[in-house]
Amino acid sequence: MLRGTIAFLVLVALAVLGSELRALLGRRGFRAPGMEGISFLLVGFGLGGSGLGLFPDDLLESMRVVVLFGLAWIGLVFGVQVDLRVVRRLAPWHRRVGWLTPLVLGLPVTFAALVVGLASSTALGLGAIAMAISASPLEGLVRSRGLADHRTVRLLKLIMAFAGLPAVSVFAVSAALASPLVADQGSSTPAWQLLVIIIAVGLLIGYALVVLVRGVQEHIQLLTLAGGAMCLVAGASAVLGLSALPSAACAGAVVVNRSVFPHRMLRVAHSLERPMLVALLVLVGASWAGASFSWEAFVLLTAVRTAAAWLAGQILQFVARKRDVGVRNAGLGLGLLPQGELALGLLVAMVSFFPDTGGVLEAVVVAIIFNNLIAAAWMRRTLVTSRAEANAR
């Protein structure tokens, strides 16, 4: 009990300090989006059972309240970015490639996972993680250097902006399959009913939040209402053995598209985004078990996903050229490899709620680091140039 209390206090302190340190370094012009997540993972690893031992062995279970609320808040942050008014202004072919390209990354991973004998819920969960592409490394490079290929960068950003939609949708299906109400042999609850409940919970709480925030302008009041709504999402999902992330994302999408002043809720959602993400990253690092490693998951999210990304890049080049968009970079699919907050959130949700995921956490974390290093090297060589070279041109 005492170790659990200490772990909670340490986690809160690290979440606050980590977010403040990132903001301070950002104001001074120091940004390293590819290393931030790794840094907090290493901090958690050092404080966990493999290091100082400040955290209990069953950390994810001990900190279940933090995990439930953190995943709900990450879902909210993702949901409030799904502004349908912006989507409608895009060209039809932009919407098509935005939706379909992440599927090209995720479906081969799912099928390969089923072939090697993984459970259907785990296979879909890994497929959803494979679809989650992060724009943070690309934005960090673009911010610090000049662009060598504007068209390719814009196309990659488009795909990255859409990637979360199919990723969260597929994860909702995998979460329904992994629920004890479906997994128990004697249960008669079909997965599609839980999927409907996931969407219904998100719609109900989303519209309730829209009504509650009507006329409210104070940030602290909006934050309190949003926090209460996410607690309700987390609690309702936990009762069904589900992850709160898909329902919270659905609620966030309702809020941003139906609120009178959606920019206020955007600020509220992002105000807690960094502390919650830091807390989850520390939890992931502290939960690392060196003796457990799923080589199947690692190969699926590196070799299989890289091959799928290369195929997606070839398809993107073909479609872009038909639309008179000159994209001719060799290995364009390597720009689709980086992963970040959403992938880690889906990973935590998966290992916290899915059965038989031993070694998956460690394997996926190493795979994400591996993918980010490859993508960063390709982006530096292909997409960006130094400020001096840009000025010389």
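Each value in this text was obtained by applying a stated rule to the coordinates, not by laboratory testing. The structure displayed is predicted, hence computed values, not measured ones. Cβ coordinates were reconstructed from backbone atoms using ideal geometry, including for glycine residues, and neighbour counts include every protein chain displayed.
Modelled label-to-label distance, Thr189 and Val86, 7 Å Cα→beta-carbon offset: nm?
With each label point 7 Å from Cα toward Cβ, the separation is 3.5 nm.
Check which residues have an amide H placed less than 5 Å from Val384's amide H, if you skip close sequence neighbours.
Under 5 Å from the amide H of Val384 lie the amide H atoms of Ala148, each far enough along the sequence or on another chain.
How do 350-357, 210-217 rank on mean C-beta neighbours within 10 Å, highest first?
Output ranking for 350-357, 210-217: 350-357, 210-217.
Between rounded, prolate and oblate, where does segment 85-146 land on the alpha carbon gyration tensor, with a ≥ b ≥ c its root eigenvalues, rounded for a/c under 1.5, else prolate if a/b exceeds b/c?
It is oblate, given that a/c is not under 1.5 and a/b is not larger than b/c.
I need Thr382, Thr122 ordered by Cβ neighbour count within 10 Å, fewest first.
Result, fewest neighbours first: Thr382, Thr122.
How much length is gained on full extension from His270 to Asp324, taking 0.36 nm per residue of separation minus their Cα-Cα distance?
15.7 nm
Using a 10 Å cut-off on Cβ atoms, rank the peptides 81-88, 311-318 from the highest mean neighbour count down.
My ranking of the peptides, most packed first, is 311-318, 81-88.
Using 0.36 nm per residue of separation minus the Cα-Cα distance, give me the extension gain between Thr224 and Val211 in nm, one decimal.
Once the chain is fully extended between Thr224 and Val211, it gains 3.2 nm.
Testing the spin-label approximation: label points 7 Å from Cα along Cα→Cβ at Ala307 and Val196. State their distance in nm.
The modelled label-to-label distance comes out at 3.9 nm.
Residue separation times 0.36 nm, minus the C-alpha to C-alpha distance between Glu139 and Phe111: what's the value?
6.9 nm
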